[in-house]
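Rule-based calculations on the coordinates, nothing more; no lab input. Every value quoted in this text rests on a predicted model; they were computed, and no experiment measured them. No Cβ is skipped: glycine too gets one built from the backbone with ideal geometry, and neighbour counts run over all protein chains shown.
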Amino acid sequence: MGSSSEKPQLIIDGKRIDGRAFDELRPIEMEVGVLKNADGSAIVAFGNTRVLAAVYGPREVMPKHVALADRAVIRCRYRMLSFSAEERKSPAPSRREIELSKVIREALEPAIMSELFPRTTIDIFIEVLNADGGTRTTGITAAALALADAGVPMRDLVAGVAVGKVDGKLVLDINKVEDMYGEADMPVAAMPSLGRITLLQLNGVLTHEEFVEALALALKGIRKIYELQKEALRKKYVTTEEA
Ligand code: CDP
């Protein structure tokens with residue numbers, strides 16, 4: 001991102017710029033099945049970051065030559081809508097969006113039982129409606145819900161969150177200001193039940209000890225997010241009598 005403005009103080013009286021404790025997630029909202037025409041969909045908000053995910057498939061591959069004989073092709077497009085950021089974003093796909101589409105796909109792929117659907121495609125669309133940090137991890141969290149909502153067989157859900165180092169402290173679920181002015185940010189996604197990490201990126205520098213602590217903090221957040229994901233799915237699929 002980059003900004004010429006002066007760095008604000010990110011920790012004040014032991015609290016973060018938005019009043020959170022170091023290990024506190026932003027207020028989270030999740031809703032499954034929000035689009036009628038998609039096979040599966042979900043909307044997820046972490047604070048002011050709000051992302052919509054839609055899944056289509058398994059369906060016939062177009063164009064046909066990209067089909068795979070032994071599994072479904074998984075395609076993913078991450079996009080930030082023009083009005084999602086403070087500065088209008090060009091609708092043309094940026095390098096960043098192309099890269100994020102790939103890393104998000106790779107974060108979701110291990111969870112999808114694509115071998116059950118040879119010669120088909122599963123298309124995942126992630127639309128960032130409002131961006132305030134952590135859009136890739138929110139996108140992964142929403143897409144996993146949309147896949148489950150589409151009835152795609154999965155080994156586990158995938159949940160994600162970014163940890164950052166701000167004013168020398170490790171903090172969970174960074175917002176845009178913390179991302180911009182912090183010393184490091186580390187997005188992580190995992191399959192919580194299987195304990196498998198599917199995305200780990202690090203921008204900035206952490207010591208070995210900080211890295212270990214940051215990863216533990218991210219996984220603690222991911223377990224909480226996973227509980228909320230299950231709750232959101234139950235809300236759509238389990239009737240009150242069954243619950
Ligand atoms: O969103 P995420 O943290 O996964 O990715 P990032 O590239 O580290 O971007 C951090 C934040 O910068 C985003 O969440 C947006 O709030 C903001 N951003 C923006 O406003 N305009 C862009 N073209 C890219 C990012």
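Quick check: the distance between the Cα centres of segment 35-99 and segment 126-191, to the nearest angstrom?
15
Report the gain in length on full extension from ARG196 to ILE12: 0.36 nm times residue separation, minus Cα-Cα distance, nm rounded to one decimal.
62.7 nm
For TYR78, TYR56, which order do you get if you count the other beta carbons within 10 Å of each Cβ and list the fewest first?
TYR56, TYR78
Which value, in debye to the nearest 20, gives the size of the charge dipole of the chain about its Cα centre, when Lys and Arg are +1 and Asp and Glu are -1 at the Cβ?
680
Can you compute the helix-only [θ] at 222 nm over the chain? Use -39500 (n - 2.57) per DSSP H run of at least 4 residues, normalise by all residues, nearest 500 deg cm²/dmol.
-9000 deg cm²/dmol
Give, as ranges by residue number, the residues of segment 68-96 whose backbone N falls under 20 Å from the point 7 Å along Cα→Cβ of LYS236.
74-79
In the chain, which longest range has no GluC sites (Glu not before Pro) that are both DSSP loop (not H, G, I, E or B) and surrounded by at most 10 other Cβ atoms within 10 Å?
88-240
Which of ASP185, ASP179, ASP70 comes first, and how do the rest follow, when ranked by fewest Cβ neighbours within 10 Å?
Going from sparsest to densest Cβ surroundings: ASP70, ASP179, ASP185.
Please work out how much length the chain gains when fully extended from GLU109 to ASN48, using 0.36 nm per residue of separation minus the C-alpha to C-alpha distance, in nm with one decimal.
Going from the current span to full extension adds 19.2 nm.
When a/c is below 1.5 the answer is rounded, else prolate if a/b is larger than b/c, else oblate, so apply that to segment 126-199 with a ≥ b ≥ c taken from the square roots of the Cα gyration tensor eigenvalues.
oblate
Hey, which lysines would be in cross-link range of LYS235, C-alpha to C-alpha under 25 Å, not counting anything within fewer than 8 residues on its own chain?
Straight-distance partners of LYS235: LYS36, LYS220, LYS224.
Where does each of THR207, THR49, THR121, THR137 land when they are ranked from fewest to most other beta-carbon atoms within 10 angstrom?
Lowest to highest Cβ neighbour count: THR207, THR121, THR49, THR137.
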